[in-house]
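The structure appears below as structure tokens.
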Amino acid sequence: MRKQIHEGRERSALRWMMLSQSMMTFGGGIVFPFYLIFVKEIGGDFTEYGIAYGLFTLCSAYLNGVFGKSSDRYGRKRFLLLSAWGTALLFLVFPIVTDIWQIYALQILMGVFGAMQKTCEKALLADMTEEGRRGEQIGRYHIGVSICSGLAVMAGGVLIDLFTLDVMFYLGSIVLFLSGLMLSGVGEKTPT
Amino acid sequence: MRRRVWGLAIVSYALLLALSIFTRMKMPAGEYASDVGRLMEIRVHKVVHIEQTDDIVDALAEAKRKKLPISVSGARHSQGGQTLYENAIVLDMKGYDRILHIDEDRKLIRVQSGATWEKIQKAIQPLGLAMRIMQSQNLFTVGGSMSVNAHGRDLGEGPLIDSVESFRLLLASGEKLQISRTENAELFPLVIGGYGLFGIILDADLRLTDDAVYKKHVVPLDYQAFPEYFREQVLRSPDSVMAIARMSVAPDSFLKDMFVTAYLKTDEALTEDLAELNDERFVGITKFAFGLSRKFDWGKGAVWRLQKKGYLVEEEERISRNNAMRPAASFMEYADTQKTDLLQEYFIPVDRFLPFVDGLRRIVREDELNLLNVTIRYVPKNKEAMLSYAGHDSYAFVLLFNTKRTAPALQRMELSTRRLIDLALEQGGTYYLPYQLYGTTRQIKEAYPNIDAFYVAKRVWDPGLLFMNELYARYGR
């Protein structure tokens with residue numbers, strides 16, 4: 001009986017996690033395809049787009065290790081929340097930047113939060129799934145997240161025709177913030 | 001406790017969201033505007049879509065109140081920001097396009113300046129009338145064509161200024177002036193070919209002529225033979241009305257093979273079939289062929305062979321004047337994000353044809369330019385406009401280049417363009433201003449000796465520099 005309740009809670013936690021991360025993907029995904037237009041509007045060219053994108057990836061590459069280790073100690077949910085809300089706040093800054101260097105700075109910060117999300121999402125998934133059924137559970141989890149990511153790109157396409165890029169960033173930000181709120185439904189084993 | 005933390009987070013986020021939106025709204029209401037070359041993407045204050053005269057008056061008042069400049073745009077087919085300016089209120093005139101009056105007896109039409117030639121053709125064709133002068137494509141607006149003093153392919157007609165009877169202009173002062181060769185005459189040669197720098201053209205009276213049946217006569221020839229052929233067979237012939245020549249850009253006959261298509265007068269009756277306005281046909285396939293031509297040299301060769309066949313088939317074909325003035329253009333539409341097609345035009349005195357073509361061939365080869373299309377029209381001498389480009393009887397070479405949109409590629413294009421302008425100037429010719437602003441200050445002065453007087457007049461009529469565009473910003477100040 002007790003075990004069942006426990007399992008039920010775990011399953012619901014995984015569901016919340018999926019919902020939250022799906023929303024996170026969605027929030028980022030409605031903006032991302034138009035990011036290039038955004039860099040161009042600020043006055044950047046392909047080179048600068050390349051730099052901006054590269055900064056993001058390089059910065060997050062190193063930090064993946066750092067955050068992975070810290071999350072073992074301080075709990076992964078905390079980092080996922082920080083990542084969602086941090087990115088939500090960054091999205092509020094994008095509409096008001098005027099210079100390419102500001103985009104570089106934002107991209108570095110995006111890399112920081114990106115690293116938190118990437119590593120902690122995977123680690124938390126590993127924590128929350130059971131050995132023996134892990135593949136199945138992660139598979140199911142990814143169905144949800146992938147569907148959302150696909151929908152986000154399509155929704156983004158429709159929305160960009162209707163709104164300006166600024167509005168997209170605001171929408172994305174709100175969705176990201178909500179995805180953070182959803183993490184409250186995710187229980188986490190206290191780190192040992 | 002926990003709930004309070006979440007609540008605090010939500011409230012803080014909401015505040016930050018509001019702060020960001022508030023800041024964004026206080027930033028200049030940026031709107032990006034561009035023209036057909038898509039090279040000059042300029043942040044303008046806003047674009048106002050004009051439908052009636054009051055809209056123009058209101059925009060003028062707003063610009064003065066906010067101390068903002070105004071740019072005027074039509075079909076936006078100029079390529080160097082002639083219709084744009086940083087932080088300007090851009091008037092999009094395309095909706096200001098009513099046909100106000102057609103006087104069939106005097107063969108005059110009064111139209112608002114945003115009307116396209118296509119719209120005018122649709123209105124006058126049923127009356128058996130046609131334009132005296134317009135570009136050989138019909139997608140442009142009257143106001144835009146007047147502002148660049150466009151020319152067509154008529155042998156006996158000069159630039160557009162020739163067929164303008166009078167027009168109304170809204171000045172920077174807010175005053176509306178009637179302008180013709182007798183009333184406020186000094187503005188007439190300034191505004192036509194004045195790139196929108198003197199005021200807003202409201203409407204214009206343009207001269208018409210009768211629609212007629214022409215017979216196409218197509219002759220392939222070598223470029224060496226062209227000057228004499230054109231002088232003796234085309235210009236001397238009392239029947240030739242229009243003509244256009246095309247040069248090969250295929251590698252094996254590059255700028256050597258050419259075709260002349262002359263349109264000859266006939267006294268045949270204008271049947272309904274002939275008179276009916278044609279729509280563009282085969283846009284898809286022509287677009288594809290043009291695409292191959294942009295990308296590959298073999299594409300250029302194939303297109304030239306196809307054109308050869310196509311044009312020879314047209315021999316003796318009958319066509320109405322109206323249809324001869326509305327050839328296909330949408331196959332050239334091009335939206336590649338990484339490349340763009342750039343137009344250029346050079347006016348070369350008729351007796352300097354051969355040295356110009358030889359020089360052009362040399363420069364295009366040396367600089368490895370991707371030249372896609374070369375057409376040649378005859379433009380008789382006309383010096384009426386202040387910025388007249390036809391100081392001699394000239395051949396107008398319209399060149400279409402394809403280039404990458406990267407900074408280094410455009411820089412190379414700029415340097416090559418300067419070489420081409422110098423070539424034109426050496427031959428006593430000029431270059432056309434509606435395109436990229438690649439010419440140097442020296443070159444524009446040499447090509448347009450009146451340009452300083454033009455700037456002085458600009459500052460007399462618009463001392464506050466209300467009407468602005470990138471052309472004036474680049475050279476005028």
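The values are calculated or read from the model by the stated rules, or taken from the named source; none is laboratory data. Because the structure is a prediction, the values reported are computed rather than measured. Every residue, glycine as well, gets a Cβ built from its backbone with ideal geometry; the counts of neighbours run over all protein chains shown. In case anyone asks, the SASA skips ligands and DNA or RNA and just uses the protein heavy atoms, side chains included. Shrake-Rupley method; radii C 1.70, N 1.55, O 1.52, S 1.80 Å.
State the number of residues belonging to the stretch B:238-265 that are open to solvent by less than 30 Å² (accessible area, probe 1.4 Å) and outside any strand (DSSP E or B).
6
Would you check if A:A88 is touching a Leu at 6+ places or on another chain (Cβ under 9 Å) and more than 14 Å from every other protein chain (Cβ to nearest Cβ)?
no
Which residues, counting only those in the stretch B:388-410, are touching a helix residue (DSSP H, G or I) at 6+ places or on another chain (Cβ under 6 Å) and more than 22 Å from B:T261 (Cα to Cα)?
The answer is B:N402, B:T403.
Considering only residues that are open to solvent by 80 Å² or more (accessible area, probe 1.4 Å) and either within 23 Å of A:L82 (Cβ to Cβ) or of a type outside the set (V, I, T) (or both), which ones fall in the stretch A:133-162?
A:R133, A:R134, A:E136, A:R140, A:H142, A:L151, A:M154, A:D161, A:L162
Conditions: (1) out of contact with any Leu (no Cβ under 9 Å at 6 or more places or on another chain); (2) farther than 27 Å from B:L68 by Cα; (3) not basic (K, R). B:T441 meets all but one. Number of the miss?
Only one criterion is unmet by B:T441, namely (2).
Identify all residues within the stretch B:180-194 that are surrounded by fewer than 23 Cβ atoms within 10 Å (Cβ to Cβ) and either over 26 Å from B:H77 (Cα atoms) or in contact with a Pro (Cβ under 9 Å, 6 or more places away or on another chain) (or both); write none if there are none.
B:S180, B:R181, B:T182, B:E183, B:N184, B:A185, B:E186
Can you find even one residue in the stretch A:50-67 that is within 14 Å of another protein chain (Cβ to nearest Cβ), assigned to a helix (DSSP H, G or I) and under 22 Å from A:L159 (Cα atoms)?
Looking for residues that are within 14 Å of another protein chain (Cβ to nearest Cβ), assigned to a helix (DSSP H, G or I) and under 22 Å from A:L159 (Cα atoms), one finds none in the stretch A:50-67, hence no.
I want to confirm something. Restricting to the stretch A:91-128 and keeping residues that are within 14 Å of another protein chain (Cβ to nearest Cβ) and over 18 Å from A:L55 (Cα atoms), which single residue is nearest to the chain's Cα centre (by Cα)?
A:L92
Looking only at the stretch B:346-363, which residues are surrounded by 21 or more Cβ atoms within 10 Å (Cβ to Cβ) and out of contact with any helix residue (DSSP H, G or I) (no Cβ under 6 Å at 6 or more places or on another chain)?
Across the stretch B:346-363, the qualifying residues are B:F347, B:F356, B:L360.
Within the stretch A:68-82, count every residue that is free of Cβ contacts under 8 Å to residues at least 60 places away in the same chain and either surrounded by fewer than 20 Cβ atoms within 10 Å (Cβ to Cβ) or within 14 Å of chain B (Cβ to nearest Cβ) (or both).
Of the residues in the stretch A:68-82, 5 are free of Cβ contacts under 8 Å to residues at least 60 places away in the same chain and either surrounded by fewer than 20 Cβ atoms within 10 Å (Cβ to Cβ) or within 14 Å of chain B (Cβ to nearest Cβ) (or both).
Restricting to the stretch B:102-138, give me the number of residues that are assigned to a loop (DSSP other than H, G, I, E, B) and open to solvent by 50 Å² or more (accessible area, probe 1.4 Å).
Number of matching residues: 5.
Can you report the number of residues in the stretch B:83-101 which are open to solvent by less than 30 Å² (accessible area, probe 1.4 Å), assigned to a loop (DSSP other than H, G, I, E, B) and over 16 Å from B:L466 (Cβ atoms)?
From the stretch B:83-101, those open to solvent by less than 30 Å² (accessible area, probe 1.4 Å) are B:83-84, B:88-93, B:96; that's our starting set.
Then keep just the ones that are assigned to a loop (DSSP other than H, G, I, E, B); that gives B:83-84, B:88, B:96.
Remaining after also requiring over 16 Å from B:L466 (Cβ atoms): B:96.
Here the count works out to 1.
Does A:L165 qualify as being open to solvent by less than 70 Å² (accessible area, probe 1.4 Å) and over 17 Å from A:G29 (Cβ atoms)?
Considered against the rule, which asks whether it is open to solvent by less than 70 Å² (accessible area, probe 1.4 Å) and over 17 Å from A:G29 (Cβ atoms), A:L165 comes out as no.
Out of the stretch B:207-237, which residues are part of a helix (DSSP H, G or I) and open to solvent by 30 Å² or more (accessible area, probe 1.4 Å)?
B:Q224, B:A225, B:E228, B:Y229, B:R231, B:E232, B:Q233, B:L235
Kindly indicate whether any position in the stretch B:347-364 is charged (D, E, K, R) and in a strand (DSSP E or B).
Checked against the condition, which is being charged (D, E, K, R) and in a strand (DSSP E or B), the stretch B:347-364 yields no hits at all.
Name the single residue that is nearest to B:G291 (Cα to Cα) among those in the stretch B:392-408 being within 14 Å of chain A (Cβ to nearest Cβ) and outside any strand (DSSP E or B).
Among them, the one singled out is B:R405.
For the stretch B:1-56, how many residues are modelled with pLDDT of 90 or more, open to solvent by 50 Å² or more (accessible area, probe 1.4 Å) and under 25 Å from B:D97 (Cβ atoms)?
Here the count works out to 4.
Being of a type in the set (A, V, I, L, M), assigned to a helix (DSSP H, G or I) and touching a residue at least 24 places away in the same chain (Cβ under 8 Å) is the filter here, so list the residues in the stretch B:435-477 that pass it.
B:I444, B:A447, B:I451, B:A453, B:A457, B:L471, B:A473
Look at B:L197 and say whether it is surrounded by fewer than 21 Cβ atoms within 10 Å (Cβ to Cβ), modelled with pLDDT of 90 or more, among the aliphatic types (A, V, I, L, M) and outside any helix (DSSP H, G or I).
No: the conditions fail for B:L197.
So, in the stretch B:283-332, exactly how many residues are in a helix (DSSP H, G or I) and modelled with pLDDT under 80?
Going through the stretch B:283-332 one residue at a time, the tally reaches 22.
What is the residue count in the stretch A:161-189 for residues that are under 15 Å from A:I37 (Cβ atoms), within 14 Å of chain B (Cβ to nearest Cβ) and in a helix (DSSP H, G or I)?
So the answer is 6.
Determine if the stretch B:412-432 includes at least one residue that is within 14 Å of chain A (Cβ to nearest Cβ), assigned to a strand (DSSP E or B) and open to solvent by 10 Å² or more (accessible area, probe 1.4 Å).
The answer is no; no qualifying residue exists.
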